[in-house]
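A.B. asks: Structure provided below as structure tokens; questions to follow.
The values are calculated or read from the model by the stated rules, or taken from the named source; none is laboratory data. Computed from a predicted structure; not experimentally measured. For neighbour counting, all protein chains shown are included, and Cβ atoms are generated from backbone atoms with ideal geometry for every residue, glycine included. Ligands, DNA and RNA are stripped out before the accessible areas are found, and what is left, the full protein with its side chains, is counted by its heavy atoms. Shrake-Rupley method; radii C 1.70, N 1.55, O 1.52, S 1.80 Å.
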Amino acid sequence: MKKYASALMVFAVLSMGLLFVLPMWKITLLAPQYPTGISINIWINDISGDISNFNIMNHYVGMRKITTDGFPELAYMQYILIGMIILGLVTGIFGKKKHYWMWVFLMVFLGIIGLYDFYRWEYNYGHNLDPFAAIKVPGMAYQPPFFGRKELLNFIAYSYPAVGGYFVGISIFIAAMAAYFKHPEQA
Amino acid sequence: MKNLKKIKDRLTIIVAFLLLAGLASCGQQAKDSEKFRKGALGSDAASKVYVAPGEYDEFYAFVSGGFSGQLSVYGLPSGRLFKVIPVFSVDAEKSYGFNEETKPLLETSYGFQPWDDSHHPELSQTAGSTDGRWCFINGNNTPRVARIDLSTFETAEIIEIPNSGGNHSSPFTTENTEYVVAGTRFGVPYPQQDVSISAYADKFKGVLTFIKVDPQTGLMSIAFQVLLPAFDYDLAHSGKGASHGWTFFSSYNSEKAHSLLEVGASQNDKDFIAAINWKKAEEYIAQGKGRDVPANYRHNVYDEATQSATSNKMTTVKVLIPEECPGLVYFLPTPKSPHGVDVDNTGEYIVGNGKLSADLTVHSFSKMIDAIEKKDFDTIIESIPVLSYQHTLAGTVKAAGLGPLHTEFDGKGNAYTTFFISSEVVKWKVGTWEVLDRAPTYYSVGHLMIPGGDSKNPQGKYLLAMNKITKDRYLPTGPELTQSAQLYDISGDKMELLLDFPTIGEPHYAQGISADRIVPRSKKIYKLEENQHPHASKNEDATKVVREGNEVHVYMTMIRSHFSPDNIEGIKVGDKVFFHVTNLEQDYDVPHGFAVMGFENAEMLIMPGQTETVTWTPSKAGVYPFYCTDFCSALHQEMQGYIRVSAANANTALTWSLGK
């Protein structure tokens with residue numbers, strides 16, 4: 001196992017690249033009018049899905065439009081990812097055990113920051129309402145669930161990692177395994 | 001006195017006897033009446049037609065509206081009505097024939113026709129099976145054939161049939177939809193001219209028409225017409241399997257009567273089924289035997305990309321004359337004014353439903369070919385050989401009922417025939433011609449339908465009988481009553497009545513098809529990026545109002561829950577205003593409607609991604625409200641706007657806005 005640690009690390013780091021072809025996170029709304037649901041997918045550099053229908057439904061309660069311009073993160077997140085992949089490859093090939101662990105912790109740290117950023121956006125999206133909205137329910141905020149299921153008026157909202165998101169988790173776990181098995185002395 | 005008493009006694013006895021007899025006969029009459037009214041319902045009939053809320057029906061039924069001119073779509077076995085597709089009649093609800101996009105569909109060589117009589121729906125077929133691509137239907141009064149696109153359930157095309165009067169024997173497809181056909185139910189002057197009606201025998205002709213269908217686009221074009229004697233061509237069906245390449249048309253009035261036909265056209269013991277060898281016709285056309293005859297007819301096509309129809313003037317047709325084309329047409333003598341001519345699913349048997357008879361006549365295709373090869377002709381009428389009746393006869397279904405009209409097949413060797421006069425459906429065995437079962441209908445059944453029952457591959461689970469008269473079957477609605485359809489389970493030995501439901505117009509004929517052949521192709525929206533309507537506005541920024549002399553073009557959009565623009569000023573009395581309205585929604589089942597107070601027009605019901613246009617010429621100054629007519633959203637009632645109309649000589653500036 002030990003002699004494969006380097007290969008394992010390289011594999012884990014490269015599989016992070018899947019985020020360019022798979023979405024990270026998915027929010028779905030279900031309602032009587034939408035029995036099969038409408039969804040948006042959040043990617044490393046884009047948002048896709050039924051955005052226009054999300055916006056049409058949400059404008060009644062004064063929620064702001066979802067647009068790619070509204071997420072400056074989408075512009076630079078991909079470069080951070082590319083940077084992490086290059087760093088990971090260099091670490092995997094030339095690095096020592098402690099470097100492996102450093103990369104893993106850095107990745108986990110960035111992931112936590114990303115999730116915090118996501119939560120902050122959700123909070124604003126659900127609370128920062130247009131005062132001229134047609135439908136105003138006193139005390140009501142429309143923040144989607146951070147993780148899981150939540151009922152909001154006639155809607156049930158679901159928020160879970162999408163395929164790419166699960167792959168990130170698996171990649172980090174594999175990288176951690178590589179770090180764990182890496183021989184302490186070997187370069 | 002004594003005599004008087006005797007007489008009185010006798011009278012009492014007689015009166016008592018009469019009373020008793022009267023009571024008894026009343027009782028019998030009530031029993032007989034009850035027998036006519038009620039079918040024997042199996043105890044589980046309800047569960048067999050119960051489609052639970054949210055569940056789907058197994059079959060679509062496309063039921064013609066007869067004199068309504070439309071085509072209705074039902075689910076089977078539930079009998080639930082899903083949609084009425086406007087085809088030959090205007091429909092104010094959908095702006096069909098009112099908006100600028102669909103008006104050209106109803107143009108004919110006689111001008112705009114707001115109505116017709118739609119009789120026989122016919123689904124397109126591939127390799128003898130219904131393929132769920134298109135449904136064709138004939139317009140009977142002003143001869144036409146329409147094609148409905150089953151991805152949108154909208155009329156896509158209507159072609160007029162020249163040299164015809166009453167397109168009844170239509171549209172009946174060939175097994176790969178190479179052709180749909182048309183045939184004239186009236187003999188008409190050929191060419192059409194001002195001539196004495198009494199010159200019928202000399203100047204009138206009967207023309208049968210073969211319409212080519214493009215296998216990719218479905219677009220129709222008249223390939224050729226066949227000039228025949230002026231009989232009344234009633235119904236048709238094409239061969240299948242071995243008989244593929246032939247089409248059979250029934251006829252009545254071989255007497256060539258032109259007045260009081262109910263007597264005059266019922267004298268000959270036998271009329272004819274005309275057998276047309278259309279593969280032979282193709283050869284003759286290739287050899288240049290088709291005469292280019294001047295004709296005046298319209299070909300109207302709706303383009304889904306531009307979402308608009310155009311009406312094209314056509315000027316010639318190719319006509320084949322039997323005298324010049326030996327082997328093209330044969331007549332099969334068939335008793336008693338045959339109505340339906342139905343080819344069984346094997347393609348071997350051709351059933352003539354002699355409507356003034358108790359019997360059914362069945363011809364054999366292979367025997368017909370043999371008679372042709374042996375030249376076993378009874379006579380020749382206007383260059384058309386009449387085949388020997390005994391030679392082509394396969395068998396007779398004896399005394400099955402009264403007034404046979406139409407037969408379909410279950411694919412398991414059984415045939416089902418409607419009997420109008422005795423008001424029943426009779427099941428019989430193909431080949432042995434024995435009657436197996438009979439079931440009453442309520443009342444006076446015309447056509448029947450088994451899904452795929454006139455194709456090579458029937459799905460013989462249900463049978464739908466379509467009735468002309470309902471009398472006491474439903475709650476009364478004044479003198480005008482609904483007509484009806486009745487559903488039978490035919491999966492067992494005995495037919496079992498399951499359901500009886502009212503229909504639109506006259507349910508003349510129907511086609512049925514497994515839902516799974518339609519559902520995957522059904523469109524949910526029109527994609528906005530594919531909308532090539534010349535007056536579409538693809539977003540709110542593109543909306544505007546443009547004056548061109550006395551014409552004002554309003555480019556408007558609709559989305560939940562507003563119009564853009566919703567305040568318009570600067571329209572003047574006498575202007576012709578065009579509202580080009582685009583529904584910007586891209587979501588399933590979110591149509592919006594549009595109507596203006598007093599606009600002397602029909603509402604538009606616009607589907608997501610679609611653009612439609614209505615015109616309005618305001619005659620009075622004032623402020624006119626308009627609004628969304630389809631309950632679209634929680635703020636549907638707020639989806640409204642105003643148009644200000646000023647006097648013709650006013651100088652109100654042309655302005656438009658939203659949310660200002």
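A.B. asks: Of all DSSP beta bridges located in chain B, what percent are antiparallel, nearest 5?
C.D. replies: Details: 161 of 176 bridges.
Close to 90 percent.
A.B. asks: Something else now. Along the charge dipole of the range A:2-180, pointing to its positive end and built from +1/-1 on Cβ of Lys, Arg, Asp and Glu, which listed residue (A:Phe118, A:Phe11, A:Gly49) has its Cα farthest out?
C.D. replies: Ranked along the dipole, the leading option is A:Phe11.
A.B. asks: Another question, if that's okay. To the nearest Å, what is the center-to-center distance of the range A:131-179 and the range B:415-459, using C-alpha atoms only?
C.D. replies: A separation of 60 Å, based on Cα centres.
A.B. asks: Residues in the range B:383-408 near a label at B:Lys374, defined as backbone nitrogen under 20 Å from the 7 Å Cα→Cβ point?
C.D. replies: Answer for the range B:383-408: B:385-396.
A.B. asks: Let me ask another. For the range B:146-283, what number of Lys pairs, 8 or more residues apart or on separate chains, have alpha-carbon atoms under 20 Å from each other?
C.D. replies: So the count of such lysine pairs works out to 9.
A.B. asks: Here is a follow-up. Show me the ranking of peptides B:265-277, B:423-435 by mean Cβ neighbours inside 10 Å, starting with the highest. Please report the intermediate quantities before stating the final value.
C.D. replies: Numbers: B:265-277: 20.7, B:423-435: 18.0.
Most protected by this proxy first, the peptides run B:265-277, B:423-435.
A.B. asks: Something else now. State the answer as a single residue: which of B:Val545, B:Ser522, B:Ile559 lies farthest towards the positive end of the charge dipole of the range B:519-628, with beta carbon charges of +1 for Lys and Arg and -1 for Asp and Glu, about the Cα centre.
C.D. replies: Checking the options against the dipole of the range B:519-628, the answer is B:Ser522.
A.B. asks: Placing +1 at every Lys and Arg Cβ and -1 at every Asp and Glu Cβ, with all other atoms neutral, what dipole size does the range A:2-180 have around its Cα centre, in debye to the nearest 20? If you can, show how the numbers build up before the last one.
C.D. replies: Numbers: 12 positive and 8 negative charges, 152 e Å.
Taking the Cα centre of the range A:2-180 as origin, the dipole is about 720 debye.
A.B. asks: In cubic angstrom, how much convex hull volume per residue do the alpha carbon atoms of the range B:612-660 span?
C.D. replies: Details: hull volume 5.8 nm³, N = 49.
Convex hull volume per residue, Cα atoms: 118 Å³.
A.B. asks: Here's something else I'd like to know. Quick check: Cα centre of the range B:295-374 to Cα centre of the range B:222-244, how many Å?
C.D. replies: 2 Å
A.B. asks: How about the range B:462-539: which chymotrypsin sites (Phe, Trp or Tyr not before Pro) there are in a DSSP loop, with at most 12 other Cβ atoms within 10 Å of their Cβ? Present the calculation step by step, with values, prior to reporting the outcome.
C.D. replies: Details: sites: B:Tyr462, B:Tyr474, B:Tyr488, B:Tyr509, B:Tyr526; in loops: B:Tyr474, B:Tyr509, B:Tyr526.
Those that pass, being in a loop and sparsely packed, number zero.
A.B. asks: Mind putting a number on the dipole of chain B about its Cα centre? Charges go on the C-beta only, +1 for Lys and Arg and -1 for Asp and Glu, and I need it in Debye to the nearest 20.
C.D. replies: Values: 61 positive and 78 negative charges, 415 e Å.
It works out to roughly 2000 debye.
A.B. asks: Would you mind computing, in nm to one decimal, how far apart the modelled labels at B:Lys279 and B:Asp493 are, each placed 7 Å from Cα along Cα→Cβ?
C.D. replies: It is 4.1 nm.
A.B. asks: While we're looking at this one, here's another question. What distance in nm lies between label points placed 7 Å from Cα along the C-beta direction at A:Glu73 and B:Val623?
C.D. replies: 4.8 nm
A.B. asks: Now for a separate question. Straight-line reach from B:Lys494: which lysines fall under 25 Å, measuring Cα to Cα and dropping same-chain residues less than 8 apart?
C.D. replies: Straight-distance partners of B:Lys494: B:Lys31, B:Lys35, B:Lys38, B:Lys48, B:Lys355, B:Lys398, B:Lys412, B:Lys427, B:Lys429, B:Lys456, B:Lys461, B:Lys468.
A.B. asks: Turning to a different aspect of this structure: How much mean residue ellipticity at 222 nm does chain B get from its helices, if each DSSP H run of length 4 or more adds -39500 (n - 2.57) and you divide by all residues, to the nearest 500 deg cm²/dmol? It would help to have the intermediate numbers written out before the result.
C.D. replies: Details: 7 runs with 71 residues, N = 660.
That calculation yields -3000 deg cm²/dmol at 222 nm.
A.B. asks: Still on this structure, please answer the following. Would you mind calculating the gained length between A:Asp46 and A:Ala133 on full extension (0.36 nm times residue separation, minus the Cα-Cα distance), in nm to one decimal? Each step should come with its number before you reach the end.
C.D. replies: Details: separation 87, 0.36 × 87 = 31.32 nm, distance 2.75 nm.
That pair, A:Asp46 and A:Ala133, stretches by 28.6 nm at full extension.
A.B. asks: Setting aside same-chain residues fewer than 8 positions from A:Lys182, which lysines have a Cα under 22 Å from its Cα?
C.D. replies: Answer for A:Lys182, where 22 Å is the Cα cut-off: A:Lys2, A:Lys3, A:Lys96, A:Lys97, A:Lys98, listed by chain and number.
A.B. asks: So, one more: How much of the accessible area of chain B, probe 1.4 Å, is carbon plus sulfur, in whole percent?
C.D. replies: Details: 14970 of 27070 Å².
That share works out to 55 percent.
A.B. asks: Show that you can apply the helix-only estimate: for chain A, add -39,500 (n - 2.57) for every DSSP H stretch of four or more residues, divide by all residues, and state [θ] at 222 nm to the nearest 500.
C.D. replies: Numbers: 5 runs with 92 residues, N = 187.
Roughly -16500 deg cm²/dmol at 222 nm, from the helical runs in chain A.
A.B. asks: Right, next: From the gyration tensor of the Cα coordinates in the range B:528-657, what semi-axes in whole Å does the equivalent ellipsoid have, largest first, with each one equal to sqrt(5λ)?
C.D. replies: Details: eigenvalues 118, 48, 30 Å².
Output for the range B:528-657: semi-axes of 24, 15, 12 Å.
A.B. asks: Between the DSSP loop rule and a limit of at most 12 other Cβ atoms within 10 Å, which GluC sites (Glu not before Pro) in the range B:54-121 are left? Spell out each step's value before the answer.
C.D. replies: Values: sites: B:Glu55, B:Glu58, B:Glu93, B:Glu100, B:Glu101, B:Glu107; in loops: B:Glu55, B:Glu58, B:Glu100, B:Glu101.
Answer by residue number: B:Glu55.
A.B. asks: Continuing with this model, one more query. Given +1 on the Cβ of Lys and Arg, -1 on the Cβ of Asp and Glu, and no further charges, what dipole in debye does the protein assembly as shown carry about its Cα centre, rounded to the nearest 20? If you can, show how the numbers build up before the last one.
C.D. replies: Values: 74 positive and 87 negative charges, 389 e Å.
So the dipole magnitude of the protein assembly as shown works out to roughly 1860 debye.
A.B. asks: Right, here's the next one. How high is the FRET efficiency from B:Ser33 to B:Leu475, r the C-beta distance, R0 22 Å, rounded to 0.05?
C.D. replies: Working: r = 18 Å, r/R0 = 0.83.
Calculated transfer efficiency: 0.75.
A.B. asks: Plugging the Kirkwood radius over Cα pairs into Stokes-Einstein for the range A:2-180, at a temperature of 25 °C and a viscosity of 0.890 mPa s, what D comes out in µm²/s? Walk me through the numbers before you get to the answer.
C.D. replies: Details: Rh = 17.8 Å.
Result for D is 138 µm²/s.
A.B. asks: Please report how far the C-alpha centroid of the range B:166-210 lies from that of the range B:110-135, rounded to the nearest whole angstrom.
C.D. replies: 18 Å
A.B. asks: Which residues among the range B:187-231 fall inside the zone where the amide N is under 17 Å from a point 7 Å beyond the Cα of B:Asn176, along Cα→Cβ?
C.D. replies: B:211-219
A.B. asks: How big is the equivalent ellipsoid of the range B:526-570 along its three axes, where each semi-axis is √(5λ) from the Cα gyration tensor, reported in whole Å from largest to smallest?
C.D. replies: On the way: eigenvalues 83, 45, 9 Å².
So the equivalent ellipsoid measures 20, 15, 7 Å along its semi-axes.
A.B. asks: Let me ask you something else. Using heavy-atom solvent-accessible surface (probe 1.4 Å) with all chains present, what is the largest-first order of B:Leu106, A:Leu89, B:Leu81?
C.D. replies: On the way: B:Leu106 0, A:Leu89 50, B:Leu81 85 Å².
In descending accessible area the options line up as B:Leu81, A:Leu89, B:Leu106.
A.B. asks: Here's a follow-up. With a 1.4 Å probe on protein heavy atoms only, tell me which residues of the range B:625-641 lose at least 50 Å² of accessible surface in the complex relative to the chain by itself.
C.D. replies: Buried-area filter returns B:Leu635.
A.B. asks: Right, here's the next one. Taking the protein assembly as shown on its own, what percent of its Cα-Cα pair distances exceed 35 Å? Could you put the intermediate results ahead of the total?
C.D. replies: Values: 223561 of 358281 pairs.
That tail contains 62 percent of the Cα-Cα pairs.
A.B. asks: Pull up the cross-link candidates among the aspartates and glutamates for B:Lys538, meaning alpha carbon to alpha carbon under 17 Å and not fewer than 8 places away within one chain.
C.D. replies: Partners found: B:Glu304, B:Glu529, B:Glu530, B:Asp566, B:Glu585, B:Asp587, B:Glu612.
A.B. asks: Please name whichever of B:His533, B:Phe578, B:Ser619 sits farthest to the positive end of the charge dipole of the range B:528-657, dipole taken about the Cα centre and charges placed at Cβ: Lys and Arg +1, Asp and Glu -1.
C.D. replies: B:Ser619
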